[in-house]
Amino acid sequence: MDYRQIIRHITRFIFYVGVQVVLLKNLVVFDAAFCFVYIGFLIFLPINTSRSLAMILGFFLGLTVDIFYDSLGIHAAACVLIGALRPFWLNTLTPQGGYDTGMSPGLLQMGFGWFSGFTLVVVLVHHFSIFYIETGGFSMFFFTLVKVISSAIFTFLVLILFQLLFNRNRTF
């Protein structure tokens, strides 16, 4: 990885965390849907990113968000989980010809079907872990499930919007 790619990933990290803590921290739709767009940083990492690197980056991403949310590691735990499961899910969705070297998941690069299959699962796992850890178990299962599903849809739609706004020929 050359210095330009490292600078681009640092810029993406700052962008996603900045949007999350400045614009989306207090945005809640119908008291149920929260937007956690910062996970886009992990979702759009290059496909060949190792599991250990994705978990380390996820930890620092989640910890940074936890600092602003005062959430005691909930976001860090969910992001580490995503980092651990991401390579497995990418291998499950591998197209017949395989992935190109250095390719990143993206709506324009992979198509809507592949993109939504990959992104929705990752977002649902993240949101499920965030909200059920926050609740402290499954005591309010259906109430929390409504938050998980509505927040996942909200986050997914914003990630699609970001892909359409910022990705023309390359990943952001």
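Values quoted throughout were computed directly from the atomic coordinates according to the rules given, and no laboratory measurement underlies them. None of these values were measured; they are calculated from a predicted model. Don't worry about glycine lacking a Cβ; one is built from the backbone with ideal geometry, like all the others, and counts go over all protein chains shown.
A compact table of results
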{"quantity": "Angle in degrees between helix 141-166 and the longest Cα principal axis of the chain, rounded to the nearest 10", "calculated": "30"}
{"quantity": "Residue-span extension gain [Leu27 to Thr135] - 0.36 nm each, minus C-alpha spacing", "calculated": "36.9 nm"}
{"quantity": "Fraction in percent of alpha-carbon pairs per bin - 5 Å, the chain", "calculated": "1, 8, 18, 23, 22, 15, 8, 3, 1, 0"}
{"quantity": "Modelled label reach - Ile14, point 7 Å along Cα→Cβ, the range 61-89 residues with backbone N closer than 17 Å", "calculated": "61, 64-65"}
{"quantity": "Packing rank of 116-129, 50-63, where each peptide gets the mean count of other beta carbons within 10 Å, highest leading", "calculated": "116-129, 50-63"}
{"quantity": "Sorted by Cβ density within 10 Å, fewest first, the residues Ile153, Ile130", "calculated": "Ile153, Ile130"}
{"quantity": "Cα-centred dipole magnitude for the range 3-166, charges only on beta-carbon of K, R (+1) and D, E (-1), debye, nearest 20", "calculated": "340"}
{"quantity": "Value of relative contact order over the chain, rounded to a whole percent, pairs C-alpha under 8 Å and six or more apart", "calculated": "27"}
{"quantity": "Gap separating the Cα centres of the range 137-166 and the range 25-49, nearest whole Å", "calculated": "8"}
{"quantity": "Linear extension gain, Leu53 paired with Ile160, 0.36 nm per residue minus alpha-carbon span", "calculated": "36.0 nm"}
